[in-house]
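Asker: What follows is a structure written as structure tokens; I'll ask about it next.
The values are calculated or read from the model by the stated rules, or taken from the named source; none is laboratory data. Because the structure is predicted, anything quoted here is derived from the model rather than measured. Note that we place each Cβ from the backbone using ideal geometry, even for glycine, and neighbour counts take in every protein chain shown.
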Amino acid sequence: MAIKSVIKSTGAYLPEKILSNQDLEKMVDTSDEWITQRSGIKTRHIAADDQTTADLATLAGRDALERSGLSAGELDGVIVATTTPDQTFPSVAVKVQAALGIPAGLAFDVQAVCSGFVYALAMADNFIVRGQARRLLVIGAEKMSSIVDWKDRTTCVLFADGAAGVVLEAQESADESVTARGIHSTHLYADGNLRDLLYTDGGPSSTGTSGHIKMQGREVFKYAVSHMATVVNEALEENGISADDVDWLVPHQANIRILEATAKKLEMPIEKVVVTVDHHGNTSAASIPLALHEAVCDGRIKQGDLLLLEAMGGGLTWGSALIRF
Ligand code: ACO
């Protein structure tokens, strides 16, 4: 009997305020046409000034917990992927733990920018498979609006806020094939030599400020398409399956052109790709669980579907997770 980490439930929270491309036209020298053509983004959610990442994460975590049918007392811990914590320390995760009444157990943040959720999921899976935890809440939460330079049209039109997550539960299974429910593989990568392609120009030990996002868009685009296709192919090969066996690709939502190019490279119809970038924008670590939750709620993703999650972000970092939902 092998232990698998099964997704018991998903949950999400999106801030009330919606910022449209037309709104952005009034803030910087841009147009709905440019943003739509280059990124596929039409609207995005922006947190209220007094809403922190921990507030978003707590609401998303509560939603996932309620949908799981479990009580907070049954969880062994919480991992939050975020690049926009409320404070340098303590972590967002301990705030979520306290707010939801999760008993003493592991709680920490993961910083891998847009790949953060895949990194956090891989860590949670390792704790569960090793028997160090039976049930974990894994959340991606971001207030990207707090590190965007709202005068920089090359970045402010892309990023947005939100939070979402999953409850993972250990389940024993005699079936070791990909037909069994649970996480079947995770692959994580980083190449720090490429860190200057996407970064913030500040931090606690350098400037004493959180800084603003700086990005070499074209270069990031190139790496995003090639790395995403490589990790996806690696996941398929390791599990002995083909792209046809995958029911849904749930990618990090950075840009519709990256999603289309990745699907094309994999010879996967775009209809099998969950796309939310048009109404979520790029919510960094929150984007994959937000897309997952949306597709579960609207009935596209059903129990038993084979999902391939993949992401690339600042660092550069990238990774994948193959999951039987
Ligand atoms: N509105 C109007 N014009 C703009 C805007 C804007 N918001 N932003 C830039 N421009 C102008 C530029 O100034 C430039 O003008 P110029 O030709 O006179 O110099 C022109 O548009 C073209 O700029 P490029 O940066 O070359 O445009 P590109 O086609 O590369 O698109 C984009 C930019 C959308 C950022 C694209 O490169 C991209 O999607 N890159 C991927 C980066 C990404 O998604 N990062 C997110 C984080 S990483 C991740 O999540 C994968």
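Asker: Here are the criteria: (1) at pLDDT 95 or above; (2) within 12 Å of the ligand (Cβ to nearest atom). Tell me which single one residue 246 does not satisfy.
Answerer: For residue 246, the failing item is (2).
Asker: Could you say whether any residue in the stretch 196-207 is among the aromatic types (Phe, Trp, Tyr), within 16 Å of the ligand (Cβ to nearest atom) and surrounded by 22 or more Cβ atoms within 10 Å (Cβ to Cβ)?
Answerer: Looking through the stretch 196-207, none of the residues is among the aromatic types (Phe, Trp, Tyr), within 16 Å of the ligand (Cβ to nearest atom) and surrounded by 22 or more Cβ atoms within 10 Å (Cβ to Cβ).
Asker: Can you run down the residue pairs with Cβ atoms below 7 Å, 6 or more apart or on separate chains, where the first is in the stretch 211-239 and at positive phi and at pLDDT 90 or above and the partner is more than 8 Å from the ligand (Cβ to nearest atom) and acidic (Asp, Glu)?
Answerer: Note: pairs meeting the criteria are 211/201.
Asker: Which one of these is farther than 24 Å from residue 79 by Cβ and touching a residue at least 24 places away in the same chain (Cβ under 8 Å): 194, 188, 136?
Answerer: Answer to the selection: 194.
Asker: Kindly list, by first and then second residue, each pair from a residue in the stretch 142-153 that is aromatic (Phe, Trp, Tyr) to a residue that is within 11 Å of the ligand (Cβ to nearest atom), limited to pairs with Cβ atoms under 6 Å and residues at least 6 apart or on different chains.
Answerer: Cβ pairs passing all conditions: 150/156.
Asker: With 213, 241 as the choices, which residue is within 16 Å of the ligand (Cβ to nearest atom) and surrounded by 14 or more Cβ atoms within 10 Å (Cβ to Cβ)?
Answerer: 213
Asker: Let me ask something else about it. With surrounded by 17 or more Cβ atoms within 10 Å (Cβ to Cβ), in contact with a helix residue (DSSP H, G or I) (Cβ under 6 Å, 6 or more places away or on another chain) and more than 28 Å from residue 44 (Cα to Cα) as the only criterion, which of 170, 141, 235, 124 stands out?
Answerer: 170
Asker: Now a separate question. Can you give me the number of residues within the stretch 54-111 that are surrounded by 24 or more Cβ atoms within 10 Å (Cβ to Cβ) and of a type in the set (Gly, Ala, Ser)?
Answerer: Total meeting the criteria: 7.
Asker: Hey, another quick one. Just give me the residues in the stretch 36-61 being more than 16 Å from residue 283 (Cα to Cα) and within 16 Å of the ligand (Cβ to nearest atom), in sequence order.
Answerer: Across the stretch 36-61, the qualifying residues are 36, 37, 38.
Asker: Next up: Look at residue 172 and say whether it is in a loop (DSSP other than H, G, I, E, B), charged (D, E, K, R) and away from the ligand (no atom under 16 Å from the Cβ).
Answerer: So residue 172 does not fit the description; no.
One line per residue, one yes/no per condition, for (1) modelled with pLDDT of 95 or more; (2) within 16 Å of the ligand (Cβ to nearest atom); (3) β-branched (Val, Ile, Thr):
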site: 10; (1), (2), (3): yes, no, yes
site: 13; (1), (2), (3): yes, no, no
site: 20; (1), (2), (3): yes, yes, no
site: 23; (1), (2), (3): yes, yes, no
site: 26; (1), (2), (3): yes, yes, no
site: 34; (1), (2), (3): yes, yes, no
site: 63; (1), (2), (3): yes, no, no
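Asker: Would you mind telling me which numbered condition in (1) more than 15 Å from the ligand (Cβ to nearest atom); (2) in contact (Cβ under 8 Å) with a residue 12 or more places away in the chain residue 269 fails?
Answerer: (2)
Asker: Could you tell me whether any residue of the stretch 172-195 is under 23 Å from residue 52 (Cβ atoms) and either aliphatic (A, V, I, L, M) or not assigned by TED's automatic domain parsing to the domain that holds residue 85 (or both)?
Answerer: No, the stretch 172-195 has no match at all.
Asker: If you don't mind, another one. Considering the stretch 86-143 alone, what residues qualify as being among the β-branched types (Val, Ile, Thr) and either within 23 Å of residue 283 (Cα to Cα) or modelled with pLDDT under 95 (or both)?
Answerer: Those that are among the β-branched types (Val, Ile, Thr) and either within 23 Å of residue 283 (Cα to Cα) or modelled with pLDDT under 95 (or both): 88, 92, 94, 96, 110, 113, 118, 138, 139.
Asker: Having 2 or more residues that are under 23 Å from residue 125 (Cβ atoms), outside the structural domain of residue 17 (by TED's automatic domain parsing) and of a type outside the set (Gly, Ala, Ser) is the bar; report the strands (runs of 3 or more DSSP E) wholly within the stretch 208-325 that clear it.
Answerer: Output list reads 248-251, 306-313, 317-324.
Asker: Something else about it: Any idea which of (1) within 19 Å of residue 34 (Cα to Cα); (2) within 14 Å of the ligand (Cβ to nearest atom); (3) surrounded by fewer than 21 Cβ atoms within 10 Å (Cβ to Cβ) is the one residue 279 doesn't satisfy?
Answerer: (2)
Asker: Right, something else. Tell me, which strands (runs of 3 or more DSSP E) lie completely within the stretch 1-111 with 3 or more residues that are more than 30 Å from residue 173 (Cβ to Cβ)?
Answerer: 17-20, 43-46
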